[in-house]
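The values are calculated or read from the model by the stated rules, or taken from the named source; none is laboratory data. Owing to the predicted nature of the structure, the values given are computational and were not obtained by experimental measurement. Cβ sites come from the backbone with ideal geometry, for glycine too, and all protein chains shown count toward neighbours. Areas reflect the complete protein model, heavy atoms only, side chains present, ligands, DNA and RNA absent. Shrake-Rupley method; radii C 1.70, N 1.55, O 1.52, S 1.80 Å.
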Amino acid sequence: MKILWIVNRPIKPMKEILGEESTSTSGSWLDSAFNLLITQKNIELVIASIDNVKKIISKKDNNVTYYIFP
């Protein structure tokens with residue numbers, strides 16, 4: 001199953017792609033949901049968000065593809 005997940009802020013793995021420290025608090029439901037979804041082998045997850053970037057950034061890591069838009 002493919003899931004497109006659009007979030008209003010970059011989650012922790014996206015901040016790591018940007019080379020930034022995550023400012024989210026521990027226990028965020030976004031992080032919890034992400035951690036649950038990545039354990040499901042039958043799910044191909046695509047996560048999209050916006051941030052202060054000049055061009056679209058994309059990265060694939062196992063069964064997760066991240067897109068960060070300006």
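Quick one, which of [x] 39; [y] 53; [z] 45 is the actual percent of Cα pairs over 16 Å apart calculated for this model?
The calculated read-out lines up with [z].
If you keep only loop residues by DSSP, which trypsin sites (Lys or Arg not before Pro) in segment 28-70 have at most 13 other Cβ atoms within 10 Å of their Cβ?
Here the trypsin sites (Lys or Arg not before Pro) that fit, given the DSSP loop and packing criteria, are K41, K54, K55.
Pull up all non-local amide H partners of W5: gap of 5 or more, or a different chain, and H-to-H distance under 5 Å with H placed in the peptide plane.
HN-HN under 5 Å from W5: V46, I47, A48.
Tally up the carbon and sulfur contribution to the accessible surface of the chain as a whole percent, 1.4 Å probe, everything protein left in place.
On the chain, the fraction of accessible area on carbon and sulfur atoms equals 54 percent.
At 1.4 Å probe radius, can you tell me the per residue accessible area of the chain in Å²?
With all protein chains present, the chain gives 70 Å² per residue.
For the chain, please report how many Lys pairs fall under 17 Å Cα to Cα, leaving out neighbours fewer than 8 apart on the same chain.
10
Mind giving me the FRET efficiency for W29 and K54? R0 is 25 Å, r the Cβ-Cβ distance, nearest 0.05 is fine.
Efficiency for this residue pair is about 0.25.
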